[in-house]
Amino acid sequence: MSTRPRTITAGVLGVIAATLKLAATASAVGIVWIHACGSWTPATSSGGGTVGVAASSSTPGINTPAQCPAGQVGNGLDVIGLGKTTAGKRASWQINAAPGFSIVGAHTVGNQGMVTYGVDSGMGWGGGFYWQGGGAQVSQGEGNYSSPAINSPYFGWQVVCGWSTCDGTTKPGEIGVLEIEIEGAETSGPTVSVAPGSLGSASGWVRGSWPIAFSADGPSGACQLAASLGGASVSQPLNEPQSQTTWHQCSAGSFSQSFNTAAVSSASGVPLVMWARDAAYDYQAGAYLATAVTNNVNIDNTPVSLSLSGPTDAPSTAGVQYVSATATAGPSGVQGISCSVDGAPAQSYSGASAQVPVSGIGSHSIRCASDNNAVDPSGGHGWSNWATWTLNIRQPTVSGIGFSKLVDRMLCHRTRERVRVPARWVTVHRHHKFARVKTRAHTKLVTVTRCHPRIAHRKIYVWVTVKRRGKMVRVRRERRIRVVVMPHLVTHTSKRVAHGKATVVSGWLGMPNGTALGGQTVRVLAAPDNGLGQFSQAAVTTTRADGSWTTRLPAGPSRLIEAAYDGAPTLEPSLSAQVHVIVPAKVKLLSVWPPRVAWGSTVRITGQLIGGYLPAAGALVRLRIGQGSSYQTYGVQEHVTGNGRFTTTYTFGAGYAGIYKSYWFQIATLPMGDYPYAPAASGRGSVLVGGHPRPPATHRRHPKHRKR
C-alpha cells in the first residue's frame, strides 16, 4: 500500500491555495489520497450501505448494490434503476469529507474505472457526479471520469428519474464506479500533547534518565513521531501503520522512550523537540504536514563533589572544634550539605559550605555529603560521595624530664569501690557446646588507686590596720597558710657523665591540672650533640601510678635528651623540653718516642681519640708541652678522622750537652660544634732532654713509653 506523494495538477493546486485562504488558522495545506472500492475495500452487498468512506442512499426502484472488486452482484459501487419509480426519485453513493478536510478532486482508477448504461440516453434516467456547487453528467458507455478542481465537503454519483414514471425493468439506468480515488485537502496538521510526568513537562533542573513521552493526532492521524534533546536523537523515528481507505489514515501516535540526559551537555535551556507528522503531503513545501513542540529543559548531570578540612587533633581545652565542608556542583548549584557526627542523625546545612561543630573527648568521625538542585523522575537529587574526616579531641598532657628525682609526689592510696556491671551476653561452654548466655547486671568490688596532692604550710606576711593609742596604723603581721604542693621535678637541665658511663634520667607525665597519668608508655629520645638533630629511641619506660618514671641511658657521646609521649585515644601526645648529657672526650696519648733525646733532636708523638663520632672534616687536637706545672700549646693537629689515631713530631732546640731537663707532652681536644664530646686532655708522656745524641739502635725493639 503506497504512501508516496503524488503529482498533483495545477487546477488542484489552485483549489488548495483557495482552501488556504479559507482556513484562517492554517499555515500549510496537505493532500491525502483515499481509495474506495476496487481491491482497497472488498465488499459485497445487494442493498448498499457503507463501503470504506462511501455511503449509499437508495429509493424504491433504484438500488445501490456494492461488489468490490466488481462481480455478479454489481459493478463496484453501483447505482442502478431496475424497478419502477416516479419523477425526482434518486439514489446515490456519496463520500463525505471528515472534519478538517475538504475534497479537492476525485477520479476513477484504471482503464475501465466506471460503468454507465441508460443514463441521459432517452430512457428516462438522468445522473452523474456531483459536489458542492457543481456536478458533471455522464453519458452511456463512459469508462472513466476525473473531476475538475473542486472544494467541497462531499463528492458523489447518482441516478435520477427524469420522466414522470421510469421503468427500470424494461429501460434500466446505471452508474457503477469500480474504483475511485479522492483527493482531500487537510489544513490543520497534527497536534502534539506532552505526557504528564515526562521530561517535556518537567520544571526546574533535571538529571539522570527521564521518560520522553508525548502523543500526537490530527485529521489524518499521526504517522511518524520523533524526539531530540539538545540536537541528539532520542531514538529511531516511530512509524505508525498507514491506510489509504480512510480519512484518519494513521492511528493516534504515542511516543515513549527513556533517555539518559547525561548524553547531552549540562546547561540551562536545552531544547527538547517533540515532532509528529500525519498523512497529508504539502506539495508546495515538499513535505508532510508536521508539528513540533519545543520545551527548554534545564539539565545538570555534573557530579557533585565535597571536601572536608579542619583540625585532625585538638586538645579538649581548645573548646568546640569545627570541620569545614565545602561543596561544588554544576549549573544547578548546591542545594545543601548533610553531615553526621559519630553516626548521629544527619544535620542539614543550606548552601555550598558548612561549619560542623565537634566537641567531647574522644575520636570523632564526621561524614558529609552534598546534593544539587537537579532531580530525577522520582525526585531524587544528585548527591556527592560521602566524605569522611576524623578528629581526635584529647586531654592535654605534660611531660617533664631531668636528671633528678621528682619531689612532692602525689599521696596515693589503694581503696576498694563498688561498681555496677551491666547485663551482657557471654559465650560459655556447656555440654561440649558453645552457648550464648545473658548474665545479669550486678555490682562488684574493685581496687582503685586514688591520689591527692600534698599540703604544705607556708608563712606569709600581710599588712593589717590596727588601732593603737587612739590611732589607726598599718602593721605587718605573720600568717601561716596551707598551700597545695603539686608534684614537680627538681631537675638540672644538664649533667656531666664520665666517658663510657651510663646515666639515669627521670621524668613525670600528667595533665596540666596535676593529674598523674600512670601506666603510660614514654619513649626517651636521644640525639648526638653534633648539631644534626638526629634523634633516635634510646629507651622505653612506663610511668608509675603517680606519673613519674625513671630509666637508664646507655653510655654514649654528649647527647640531647627528650621524653616523648605518643598519646592515647583520650590523651594528647606531648614532648618534654630537652636536657643535655655532657660527656668529655677520651683522649689517649699512645706513645712519646724516644723517651730520652739530645738537644736538637725530634720525638714522635702518637695519640688517639676514642669513641667515634668524628666530624667529616676531622677533629682538632691541641698539642701541649710542659715542664713542671707550666705548659704551653705549641700546635694544633687538624683533620683527625678515621679511627681517631694520629702521629705528629716535636723537635727540641739546641742546648748544652751537660744540661738535662725533663719535659712532658699532652694532647687535648678543642671545642667543636659538630663533635659531640666536651673538651678533655690525655695523660702526660715525659721525655728527658740532654747529653749527646746516641746512635740509633735499630736492632732493639722500641718499647712504648708510658701509655696513657
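The values are calculated or read from the model by the stated rules, or taken from the named source; none is laboratory data. These figures come from a predicted structure and were not determined experimentally. In this analysis, Cβ positions are derived from the backbone assuming ideal geometry, glycine residues included, and neighbour counts consider all displayed protein chains. To get the accessible areas, we keep the full protein, side chains included, count just its heavy atoms, and leave off ligands, DNA and RNA. Shrake-Rupley method; radii C 1.70, N 1.55, O 1.52, S 1.80 Å.
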Quiz item: How far is it, in nm, from the label point at GLN355 to the one at THR570 when both lie 7 Å from their Cα along the line to the Cβ?
Solution: 2.9
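Subtracting the Cα-Cα distance from 0.36 nm times the residue separation, let me have the gained length for VAL426 to SER629 in nm, one decimal. Could you put the intermediate results ahead of the total?
Values: separation 203, 0.36 × 203 = 73.08 nm, distance 8.38 nm.
Computed gain between VAL426 and SER629 is 64.7 nm.
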Quiz item: Could you give me the ³J(HN,Hα) list for the stretch 172-188, computed from phi with Karplus coefficients 6.51, -1.76, 1.60 and θ = phi - 60°, whole Hz, x at Gly and Pro?
Solution: x, x, 8, 10, x, 9, 6, 7, 9, 10, 9, 9, x, 9, 10, 10, 9
Quiz item: Angle, helix 10-22 long axis vs. longest principal axis of the chain, Cα atoms, 0 to 90°, nearest 10?
Solution: 70
Quiz item: At ARG479 and ARG552, where each label point lies 7 Å from the Cα along Cα→Cβ, what is the point-to-point distance in nanometres?
Solution: 5.1
Quiz item: Length gain on complete extension for the stretch TYR461 to ALA498, per 0.36 nm per residue less the alpha carbon to alpha carbon distance?
Solution: 8.7 nm
Quiz prompt | Residue-by-residue Karplus 3J(HN,Hα) for the stretch 285-302, coefficients 6.51, -1.76, 1.60, Hz, glycine and proline x | solution = 8, x, 7, 6, 5, 9, 9, 10, 10, 10, 10, 7, 10, 8, 10, 9, 10, 5
Quiz item: Relative to a virtual label point 7 Å from the Cα of THR542 in the Cα→beta-carbon direction, which members of the stretch 475-515 show backbone nitrogen distances below 18 Å?
Solution: 507-510
Practice problem: Return the long-range amide H neighbours of THR503 (sequence gap of 5 or more, or a different chain), with a cut-off of under 5 Å between placed amide H atoms. | Solution: LEU553
Self-check item: Isotropic mean projected area of the C-alpha convex hull, the stretch 328-460 (nm²)
Solution: 21.0
Quiz prompt | Amide H contacts under 5 Å for TYR631, placed H, 5+ residues apart | solution = none
Exercise. Using all C-alpha to C-alpha distances in the stretch 108-192, build P(r) with 10 Å bins and read off the rounded percent in each one.
Key: 16, 41, 27, 10, 4, 1
Self-check item: Label-to-label distance, nm, for residues given as ALA252 and ALA654 (7 Å Cα→Cβ offset)
Solution: 14.0
Quiz prompt | Residue-count net charge about SER39 - beta-carbon cut-off 13 Å; Lys, Arg +1, Asp, Glu -1 | solution = -2
Quiz item: Just one of (1) 24.0, 75; (2) 59.6, 194; (3) 40.3, 143 is Rg and Dmax of the Cα atoms in Å as worked out from the coordinates here. Which one is it?
Solution: (2)
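At a 1.4 Å probe, what is the % contribution of carbon and sulfur to the accessible area of the chain?
Accessible surface attributable to carbon and sulfur in the chain totals 50 percent.
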Quiz item: So what J values fall out for the stretch 546-561 if you push phi through Karplus, 6.51 cos²θ - 1.76 cosθ + 1.60 with θ = phi - 60°, rounded to Hz, Gly and Pro as x?
Solution: 8, x, 7, 8, 9, 8, 10, 9, x, 5, x, x, 4, 9, 9, 10
Practice problem: Pop the C-beta distance of TRP386 and SER233 into the FRET formula with R0 = 41 Å and round what comes out to the nearest 0.05. | Solution: 0.65
Exercise. Go ahead and run the numbers for FRET between THR294 and ALA344, Cβ-Cβ distance against an R0 of 51 Å, rounding to 0.05.
Key: 0.60
Exercise. Report, by chain and number, residues whose modeled amide H sits under 5 Å from the one on CYS223, excluding near sequence neighbours (fewer than 5 apart, same chain).
Key: ARG277, ASP278, ALA279
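Rounded to the nearest 500 deg cm²/dmol, what is the calculated helix-only ellipticity per residue at 222 nm for the chain, with -39500 (n - 2.57) per DSSP H run of length n ≥ 4?
Theoretical 222 nm ellipticity from helices: -500 deg cm²/dmol.
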